[in-house]
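The values are calculated or read from the model by the stated rules, or taken from the named source; none is laboratory data. Quantities reported herein were computed from a predicted structural model and do not represent experimental measurements. Ideal geometry is used to build each Cβ from the backbone, glycine not excepted, and the neighbour counts take in all protein chains shown.
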């Protein structure tokens, strides 16, 4: 966008219909407040099924998409924005749909030479009936984020009953991957005109348990160390592979790659790529941007300036 923020009407999409609604409300509020503080005219839009009609009537100059999870992050909302020809932030239709499908993402990253976990998709009832791969392993929905519906099955544990229950709403096929011990790492990437640029590496230590929904978003749920204290070759590999992943998947704007590093085997594995990472008070991307000298307001302004259509 070539115009200044004070000249723009920005619609911030937040809330939405997914299981990550509360996270999106927090991300959207932060982004909207930051834009208003810089003089933009902002309309907060709690995105429902009538989103196309709302935006057609609203006629914003640009959309900042702060939605997370199903519908808002999987290409559906991006398709609406493409149809309405409104410039928008983050990734386009194809990259958004692709990265929300963990199985297909792993196939693309593997072809690009990025190491990903083993395992695969299994029927949810089979997963609850017995161990489909040897424990320890992780069970996760194939198309959710924010660690929603994620379970760790340790050695000696019985099979996890939840995927086979009537309360499971995340599809009949679930991703089951070997558990990788060691460090939880994250790398934010900014997609600049000259190519993707990784910011730094954060080492994440949950206060209790593993890095689940509560550890990600509850104040004090995890401890972030940045830059991560890693062997130089691992640090550089995480930076390089996050840029490779951003490019291979066709991401735009900001993305975040999540890794596990087994420091005993000296093995770095990319777990997944998030095309619309959180912008909450505990989120990793704004924290990394601040470390690199980019304030929260600077980051949000860059997102809006980077907006375009088509993506």
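Would you mention how many residues in region 74-101 are touching a helix residue (DSSP H, G or I) at 6+ places or on another chain (Cβ under 6 Å) and outside any helix (DSSP H, G or I)?
Residues meeting the conditions: 5.
Count, please, the residues in region 148-165 that happen to be assigned to a loop (DSSP other than H, G, I, E, B) and touching a strand residue (DSSP E or B) at 6+ places or on another chain (Cβ under 8 Å).
5
Being touching a residue at least 60 places away in the same chain (Cβ under 8 Å), more than 24 Å from the chain's Cα centre (by Cα) and not assigned by TED's automatic domain parsing to the domain that holds residue 141: is that true of residue 50 here? Can you show your working first?
Numbers: touching a residue at least 60 places away in the same chain (Cβ under 8 Å): no; more than 24 Å from the chain's Cα centre (by Cα): yes; not assigned by TED's automatic domain parsing to the domain that holds residue 141: yes.
No: the conditions fail for residue 50.
Residue 23 passes all but one of (1) part of a helix (DSSP H, G or I); (2) at pLDDT 95 or above; (3) surrounded by 19 or more Cβ atoms within 10 Å (Cβ to Cβ); which number fails?
Going through (1) part of a helix (DSSP H, G or I); (2) at pLDDT 95 or above; (3) surrounded by 19 or more Cβ atoms within 10 Å (Cβ to Cβ) one by one, residue 23 breaks only (2).
For residues that are assigned to a helix (DSSP H, G or I) and within 19 Å of residue 76 (Cβ to Cβ), tally how many sit in region 26-57. Spell out the reasoning first.
Applying the first criterion (assigned to a helix (DSSP H, G or I)) to region 26-57 yields 26-37, 51-57.
From what's left, within 19 Å of residue 76 (Cβ to Cβ): 27-28, 51-56.
Number of matching residues: 8.
Residues being surrounded by fewer than 20 Cβ atoms within 10 Å (Cβ to Cβ) and in contact (Cβ under 8 Å) with a residue 60 or more places away in the chain: count how many of those fall in region 117-146.
Looking only at that region, the number is 1.
Do we find that residue 133 is assigned to a loop (DSSP other than H, G, I, E, B), within 21 Å of residue 191 (Cα to Cα) and modelled with pLDDT of 95 or more in this structure? Steps first, please.
Details: assigned to a loop (DSSP other than H, G, I, E, B): yes; within 21 Å of residue 191 (Cα to Cα): no; modelled with pLDDT of 95 or more: yes.
When the stated conditions are applied, residue 133 does not pass them.
Scan region 166-175 residue by residue and report those that are out of contact with any helix residue (DSSP H, G or I) (no Cβ under 6 Å at 6 or more places or on another chain) and not in a loop (DSSP other than H, G, I, E, B).
173
If only one of 25, 67, 14 is in contact (Cβ under 8 Å) with a residue 24 or more places away in the chain and farther than 18 Å from residue 97 by Cα, which one is it? I'd like the intermediate steps shown before the answer.
On the way: 25 fails: in contact (Cβ under 8 Å) with a residue 24 or more places away in the chain; 67 fails: farther than 18 Å from residue 97 by Cα.
None of the other options fit; the residue is 14.
Look at residue 109 and say whether it is at pLDDT 95 or above, within 25 Å of residue 259 (Cβ to Cβ) and either over 17 Å from the mean Cα position of the chain (by Cα) or assigned by TED's automatic domain parsing to the domain that holds residue 253 (or both). Break it down into steps so the answer makes sense when it comes.
On the way: at pLDDT 95 or above: yes; within 25 Å of residue 259 (Cβ to Cβ): yes; either over 17 Å from the mean Cα position of the chain (by Cα) or assigned by TED's automatic domain parsing to the domain that holds residue 253 (or both): yes.
Yes: the conditions hold for residue 109.
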